[in-house]
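For reference, the structure is listed below as structure tokens.
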Amino acid sequence: NNPQWEKIPRYKSCFVCGPDNDYGLQLAFEARGDEVRTKWVPKEIHCGYVRTVHGGIIAAVLDEIMGWTGWLRYRKYYFTAEVTIRYKKPIISNEKYEVVAKLTNAARKLYTAEASIIDDAGEVAAKATGKYIVREDIEPSDYY
């Protein structure tokens, strides 16, 4: 039994996923079970210097996708408690990447995840682990 991929809601002004943020990345995520994925083609404006994507932008993408791993479990927004990143090779503007994440542990209000950014050759360019806390103070239906 293979469940279908489900679109994840988008907070309109979010830097990473917000469709209304003209300065953001506007990534659309989908989830299935404990996995989340997206496609990403970084632009030159995301670079720290020529064609090399800024580490902070890479961190934002990894943080965002790991945070969304809790969506199918909790149906709530989250905030980040901790992120650890390993940059393995440069991420280059105008190249295609797949970003994948998996929920690795879920408790009542705290969950952990891992993620990777994979280039067109199938090599991991960056990977991360993170810890996230479920937001009980906002209702997702109010924001997407």
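Details
- Strands (runs of 3 or more DSSP E) completely within segment 1-97 that count 3 or more residues being under 11 Å from the mean Cα position of the chain (by Cα), at pLDDT 95 or above and not acidic (D, E): 35-40
- Residue that is more than 20 Å from P9 (Cβ to Cβ) and of a type in the set (D, E), where the choices are E64, E44: E44
- If only residues of segment 89-144 that are within 18 Å of F29 (Cα to Cα) and among the aromatic types (F, W, Y) are counted, the one that is least open to solvent (accessible area, probe 1.4 Å) is Y132.
- Scope segment 1-29; condition surrounded by 15 or more Cβ atoms within 10 Å (Cβ to Cβ) and charged (D, E, K, R); matching residues: R10
- When the residues of segment 109-125 are filtered to those that are charged (D, E, K, R) and in contact with a strand residue (DSSP E or B) (Cβ under 8 Å, 6 or more places away or on another chain), the one that is farthest from Y77 (Cα to Cα) is D120.
- Residue count for segment 30-50, restricted to those that are closer than 19 Å to Y78 by Cβ and either open to solvent by less than 20 Å² (accessible area, probe 1.4 Å) or in contact with a Gly (Cβ under 7 Å, 6 or more places away or on another chain) (or both): 3.
- Residue within segment 84-96 that is over 16 Å from S116 (Cα atoms) and among the β-branched types (V, I, T) present: no
The values are calculated or read from the model by the stated rules, or taken from the named source; none is laboratory data. Note that this is a predicted model, so its numbers are computed, not measured. Every residue, glycine among them, receives a Cβ derived from its backbone with ideal geometry; neighbour counts consider all protein chains shown. The area values use the complete protein model at the heavy-atom level, side chains included, leaving out ligands, DNA and RNA. Shrake-Rupley method; radii C 1.70, N 1.55, O 1.52, S 1.80 Å.
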